[in-house]
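Asker: Here it is, the structure, as structure tokens.
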Amino acid sequence: MDRYYATTPIYYVNAKPHLGHAYTTIIGDAVCRWHRLLGDDVHFLTGTDEHGLKIQQAAEAAGKSPQQFTDEIAPLFQDAWQRLNISNDDFIRTTEPRHKVGVQQLLQRCYDAGDIELDVYAGKYCVPCEEYYTDEELLPGDLCAIHKRPVEYFEEENYFFRLSRFQDRLLDWYAAHPGAIVPEFRGNEALGLIRGGLRDFSISRTSLTWGIPLPWDSKHVAYVWFDALANYITAVGYGSDDAQFQHWWPAQHLIGKDIIRHHCVYWPAMLMSAGIELPAGWAVGGWLLSGGEKMSKTSGNVVNPLDLIPEVGVDGFRYYVLAETTYGQDGDFTYEGLIARYNSDLANNLGNLLARVATVVGKKCAGVGPAPRADSPLADAAVAAFEGAAAGWADVQPSRALEATWSLIRATNAYLEANEPWKAEPGPEVDAVMGDALEALRIVAVLASPSMPDTCQTVWERLGLPGSVGDQRLPHAAAWGGYPGGLPVVKGDSLFPRK
């Protein structure tokens, strides 16, 4: 049994969950569900990032202690993921004791290796980014390029991680692990950052109290990257449960393009310094834009995913997020796009196919599903759909995987149009056509279940199949001929009423 440990970024609790957070989380969830179908031993992690200046400031503004403030926001993320049917196995909060222990062990390892040293830092600092910038990296008027707001000038004594020492080691590692970052053009961005020269970065603050103290100097608290990035190892036992850590690490990280530098440059260097194996890989997504801009509280274009559920359902929303945008590229979220894809792919294609098949089986086969033919004209389409879906999910390209899955839906609809079983008299020919269509729907239910778990379970049950679609195992479950026939087929309400 293969192990598959996948992580989303941990989300900063200075704001409520929005579509940008939901995007990476839904992709992680669907990829993990696919790996469970393959029979892998899966561990899926998400969580919240709860320390730092932004939180301290937001808590003060709300008249609360930082802990009180984070205790109110973190459950909003847990609740949102529950409502979006996210199957995470763990949820880490960086205020938990297990995290603190692991962060301090990681810091101590890097300090003992000689890669953390005391220095004075002076520079221009963006509070929302938690990042110092050089003049060349800023927009005119000393504005942060991401947040379009003025940076502040900070000067303080900090401990620094000597990232500059790791340039060659990082380049050598990536050369020895081609394809570690997908898609490839995002990997090239990371290599460009490394080749452009690496600056040491600050890992502590004395101007801040809300954080984890450094184990060798408690006047300093750990600054964002040593705290936040470490969640990927502390959640699986680093510093607290060695056996668990050995079992799960290394992880596949799902991240957004704006955190490539921290995840694909800082993080592997930190792990090298501490003598820890590097991640299994990174899958880097673009941004889901809203009105052409990155969603952020400051620009006021935030889309709350939970607001869209009453409109298109949880699975309709999940499907749109997974199918609409090629992972790695930016996508633009529009309400019109959501409704158009819902109507075309879900109402007209999948929903219509199931309704049509169930109606004909009800009228021409006495409501009992016939078995498929071994030499069905649809068998090749089913093989192609599985192969395309498997390749898409393996490359963390959900839109490609779903396009391959929908090719079988389209082939089955075309097959019914060509044969017109609704016009024929009941008998062996109608039974043959309907058995083939039911088998295609059975395979579709399995292949589409990572994206739409509840809908596919409904399809599974309406075909009269026992048990859970999520408990099926690939590749066996996608092999042609699995529908046994002789099962009651139920029409039920429309899966996706047209909008």
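Asker: Amide H to amide H under 5 Å from VAL42: which residues, 5+ apart in sequence or cross-chain, H placed 1.01 Å off N in plane?
Answerer: The answer is TYR4.
Asker: Once phi is turned into θ = phi - 60°, what whole-Hz ³J(HN,Hα) does the Karplus curve with 6.51, -1.76 and 1.60 give for every residue of the range 452-460, x standing for Gly and Pro?
Answerer: Listing the rounded values in order: 9, x, 5, 4, 5, 5, 4, 4, 3 Hz.
Asker: Quick one: compute the contact order of the chain, relative version, from alpha carbon pairs under 8 angstrom and 6+ residues apart, as a percent.
Answerer: After rounding, I find 16 percent.
Asker: Going by Cβ distance under 4.7 Å, what cysteines of the chain have no possible disulfide partner?
Answerer: CYS32, CYS110, CYS264, CYS365, CYS456 - these cysteines have no disulfide-compatible partner (Cβ-Cβ under 4.7 Å) in the chain.
Asker: Provide, in order from the shortest bin, the percent of all Cα-Cα pairs of the chain in each 10 Å bin, continuing until the bin that contains the maximum pair distance.
Answerer: 4, 18, 27, 23, 14, 9, 5, 1, 0
Asker: Please give the net charge around GLN457, taking every other residue with its beta carbon less than 11 angstrom from that of GLN457, where Lys and Arg add +1 and Asp and Glu add -1.
Answerer: -3
Asker: Let me know the shape class of the range 249-393, please: from the alpha-carbon gyration tensor, a ≥ b ≥ c as square roots of the eigenvalues, rounded when a/c is under 1.5, otherwise prolate if a/b is greater than b/c, or oblate.
Answerer: Judged from the Cα gyration tensor, the range 249-393 comes out oblate (a/c at least 1.5, b/c at or above a/b).
Asker: Under 17 Å from the 7 Å Cα→Cβ point of VAL127, by amide nitrogen: which residues of the range 216-240?
Answerer: 224
Asker: Starting from a Cα-only point model with no solvent, please compute log10 I(q)/I(0) by Debye for the range 371-499 at q = 0.16, 0.19 1/Å.
Answerer: Debye curve over Cα of the range 371-499, log10 I(q)/I(0) at q = 0.16, 0.19 Å⁻¹: -0.80, -1.12.
Asker: Collect residues whose amide H, placed 1.01 Å from N in the peptide plane, falls under 5 Å from the amide H of ASP332; neighbours closer than 5 in sequence don't count.
Answerer: Under 5 Å from the amide H of ASP332: LEU289.
Asker: Cross-link candidates for LYS148: which lysines have Cα within less than 17 Å, leaving aside residues fewer than 8 places away along the same chain?
Answerer: LYS54, LYS124, LYS294, LYS297
Asker: If you don't mind, another one. Just grab the label-to-label distance for HIS476 and ASP142, each label 7 Å out from Cα along the Cβ direction, in nm (one decimal).
Answerer: 6.6 nm
Asker: Using θ = phi - 60° and the Karplus curve 6.51 cos²θ - 1.76 cosθ + 1.60, what whole-Hz ³J(HN,Hα) does each residue of the range 262-279 get, with Gly and Pro shown as x?
Answerer: 6, 7, 9, 10, 4, 4, x, 5, 4, 5, 4, 4, 7, x, 10, 4, 6, x
Asker: What list of ³J(HN,Hα) values in whole Hz, one per residue of the range 494-499 in order, does the Karplus curve 6.51 cos²θ - 1.76 cosθ + 1.60 (θ = phi - 60°) give from phi, with Gly and Pro shown as x?
Answerer: 4, 4, 9, x, 4, 9
Asker: Compute the distance in nm between two label points, each set 7 Å from the Cα along the Cα-to-Cβ direction, one at GLU96 and one at GLN67.
Answerer: 1.7 nm
Asker: Which of the peptides 51-61, 7-17, 160-170 is most tightly packed, and how do the rest follow, judged by the mean count of other Cβ atoms within 10 Å per residue?
Answerer: Ranking the peptides 51-61, 7-17, 160-170 by packing returns 7-17, 51-61, 160-170.
Asker: Check TYR11: other-chain or 5+ apart residues with amide H under 5 Å from its amide H, H built from backbone geometry?
Answerer: The answer is GLY47, THR48, ASP49.
Asker: Given the Cα-Cα distance of TRP216 and ARG165 and 0.36 nm per residue of separation, how much length would full extension add, in nm?
Answerer: Working it through step by step, the gained length comes to 16.1 nm.
Asker: Tell me, what % of the accessible area of the chain is carbon and sulfur with a 1.4 angstrom probe?
Answerer: That fraction is 50 percent.
Asker: Now for a separate question. If packing is taken as the average number of other Cβ atoms within 10 Å across a peptide's residues, how do 467-474, 357-364 rank, most packed first?
Answerer: So the peptides 467-474, 357-364, ranked by packing, come out 357-364, 467-474.
Asker: For the chain, with every protein chain kept in place, what is the accessible area per residue (1.4 Å probe, Å²)?
Answerer: 39 Å²
Asker: A further question on this structure: Could you give the length gained on full extension between ARG149 and LYS423, defined as 0.36 nm per residue of separation minus the Cα-Cα distance, in nm?
Answerer: 92.0 nm
Asker: Rank by packing, highest mean first: peptides 382-391, 416-425, with packing defined as the count of other Cβ atoms within 10 Å averaged across residues.
Answerer: Final packing ranking: 382-391, 416-425.
The values are calculated or read from the model by the stated rules, or taken from the named source; none is laboratory data. Please read all numbers here as calculations on a predicted model, not as lab measurements. Cβ atoms come from the backbone with ideal geometry, glycine included; neighbour counts cover every protein chain shown. All accessible areas refer to the heavy atoms of the entire protein, side chains included, with ligands and DNA or RNA removed. Shrake-Rupley method; radii C 1.70, N 1.55, O 1.52, S 1.80 Å.
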